[in-house]
Structures are given as structure tokens and as C-alpha cells.
1. Going by the conditions given, is ALA220 assigned to a helix (DSSP H, G or I) and either among the basic types (Lys, Arg) or over 20 Å from PHE9 (Cα atoms) (or both)?
2. Output the residues belonging to segment 125-147 that are of a type outside the set (Phe, Trp, Tyr), touching a residue at least 40 places away in the same chain (Cβ under 8 Å), in a helix (DSSP H, G or I) and closer than 9 Å to PRO109 by Cβ.
3. Pick from segment 191-208 the residues that are assigned to a loop (DSSP other than H, G, I, E, B) and in contact with a helix residue (DSSP H, G or I) (Cβ under 8 Å, 6 or more places away or on another chain): which of them is surrounded by the most Cβ atoms within 10 Å (Cβ to Cβ)?
4. For segment 169-190, how many residues meet the condition of being among the aromatic types (Phe, Trp, Tyr) and surrounded by fewer than 15 Cβ atoms within 10 Å (Cβ to Cβ)?
5. Cβ-Cβ distance below 6 Å, separation of 6 or more or different chains: which pairs start in segment 160-178 with a residue that is at negative phi and in contact (Cβ under 8 Å) with a residue 12 or more places away in the chain and end on one that is of a type in the set (A, V, I, L, M) and assigned to a helix (DSSP H, G or I)?
6. When you scan segment 201-222, do you find a residue that is among the small types (Gly, Ala, Ser) and out of contact with any Ser or Thr (no Cβ under 8 Å at 6 or more places or on another chain), even just one?
7. Go over the candidates ARG29, ARG3 one by one and state the one that is in contact (Cβ under 8 Å) with a residue 60 or more places away in the chain and either over 11 Å from PRO94 (Cβ atoms) or crowded, with 18+ Cβ neighbours inside 10 Å (or both).
8. Restricting the search to segment 88-108, which residues are farther than 18 Å from PRO19 by Cβ and not in a helix (DSSP H, G or I)?
Amino acid sequence: MTRFFDLLFSIIALLLLSPFLVPVVLILRFTGECEVFFLQERIGKNGKKFKLYKFATMLKNSPNIGSGTVTMRDDNRVLPVGKFLRKTKINELPQLLNIFFGDMSVIGPRPLTYQTFRAYSETTQSFIKQVRPGLSGVGSIIFRGEEEILHGAKASVEFYVEIIAPYKGALEEWYVSNKSLYIYFSAIFVTTWVLFNPRTRIVWWLFRDLPEPPAELKKALKYID
């Protein structure tokens with residue numbers, strides 16, 4: 001059933017957003033490294049690999065520089081226009097094409113690179129491979145400020161692997177175990193809500209049985225005790 005809504009929403013969104021997306025394409029074409037799209041291999045349903053579409057926001061060779069596929073706060077690989085696109089999440093909109101083609105869903109676990117997928121336990125990996133990855137999702141909503149979290153003493157791949165990844169994995173397992181149309185539409189609502197109210201704690205009110213975050217993340221994730 002969710003595939004029907006994925007197709008419907010992706011077509012409507014692409015049609016409505018096209019007048020806005022065209023100027024973004026032109027700006028990227030004539031700024032930075034003149035790259036419009038960033039295509040990266042991700043892990044999809046049943047472990048199938050696919051090419052994820054994003055607007056280019058970082059140096060073309062960024063996966064081979066610095067922290068690889070993990071992006072830190074004030075990452076010097078991010079291009080000037082890219083900072084705005086990333087902050088507003090506009091850089092994610094080309095994934096509507098992935099949804100239309102059937103690689104992704106509107107709601108689901110984040111589509112992972114091989115590097116970040118390996119950071120999860122085998123149990124979490126098996127859960128994630130059961131469903132299509134999503135443009136948004138419970139994990140994406142809660143970690144919408146991930147780049148802000150990864151700074152200072154926490155600005156390391158080790159912190160991501162040891163603290164962030166296990167909790168992200170627990171959230172994705174929760175989503176797969178509780179997947180339903182209610183969760184699907186609720187997550188779409190919360191995704192829209194947090195765009196205009198980024199400091200809101202609504203996700204914790206709406207999904208009250210989510211796994212509790214580790215102590216190192218509670219404050220950053222605005223967890224309600």
C-alpha cells in the first residue's frame with residue numbers, strides 16, 4: 001500500500017517543485033565545481049545497491065577526503081551554496097526521483113553508504129534490508145541535526161561508530177518492527193513540522209515507545225525524560 005502513496009506523492013511533488021528546482025540546477029551549474037547532481041551508491045531493499053540522487057553540495061572528491069562519508073559540523077568540504085542547501089534539506093529533493101523509480105520510499109531508514117552500513121550490527125543490517133530506504137523517517141527526524149552533534153569533542157568517526165550508529169540502528173529496527181500506514185503518515189507530518197519548528201520535541205510525544213537514546217545524546221536530541 002505504501003508504494004501507491006510513494007508513487008503518488010513523488011509525482012505530485014516533482015510537478016509542484018519543478019519551477020523551484022530548475023533555478024537550483026542553474027545555480028549549481030554555474031557555481032562551485034559546476035556539478036549539479038551527486039550520485040552515490042547506497043544499500044537498498046534486500047541489500048540491492050542503487051544510485052542515490054542529491055544536489056551537489058560538497059567537493060566532488062569529498063568521499064576520499066577527511067572523514068569520508070561522515071559529514072562533520074563546519075566541514076570544509078562543503079561548498080558555499082551547499083551550506084544553504086544542506087541546512088534547508090533542499091539537497092535531498094532529487095531523491096524524489098529515487099522514490100519514483102522504486103529505489104526508495106517517502107518514509108524508511110536512511111539509505112546508507114557501504115561505510116555507514118558496516119557501522120551497524122548484523123542484526124540491524126538484516127532489519128534495514130527488509131524495507132526500502134526513505135527520503136525521511138524516524139531516524140532521520142531525530143538525527144536531523146547530526147552535523148551539529150558531530151563537533152568539538154564529538155567530531156570523530158569513532159564517536160559516530162560507537163555512539164551514534166548503534167542508536168540510529170535501534171531506531172531503524174523500531175521502525176521496521178512497527179511499520180504501518182499510521183507510522184508512515186505520522187512521520188510525513190513530523191518531517192514537515194520540524195522544517196518550520198526545528199527545535200520541537202514532537203517526535204518524542206508522537207512516538208512514545210521509541211528506544212531511549214544513550215546519555216551522550218539525550219541533550220542534543222532534545223529527549224523528553
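1. Criteria not met by ALA220.
2. ILE128, VAL138, SER140
3. PHE207
4. 3
5. LEU171/VAL138; GLU172/ILE128; TYR175/VAL138
6. Within segment 201-222 (the criterion being among the small types (Gly, Ala, Ser) and out of contact with any Ser or Thr (no Cβ under 8 Å at 6 or more places or on another chain)), the answer is yes, since at least one residue qualifies.
7. Of the residues listed, the single one that is in contact (Cβ under 8 Å) with a residue 60 or more places away in the chain and either over 11 Å from PRO94 (Cβ atoms) or crowded, with 18+ Cβ neighbours inside 10 Å (or both) is ARG3.
8. Passing the criteria: LYS89, GLY102, ASP103, MET104, SER105, VAL106, ILE107, GLY108.
The values are calculated or read from the model by the stated rules, or taken from the named source; none is laboratory data. In this text, all values refer to a predicted model and were calculated from it rather than measured experimentally. Glycine also receives a Cβ, built like all others from the backbone with ideal geometry; neighbour counts cover every protein chain displayed.
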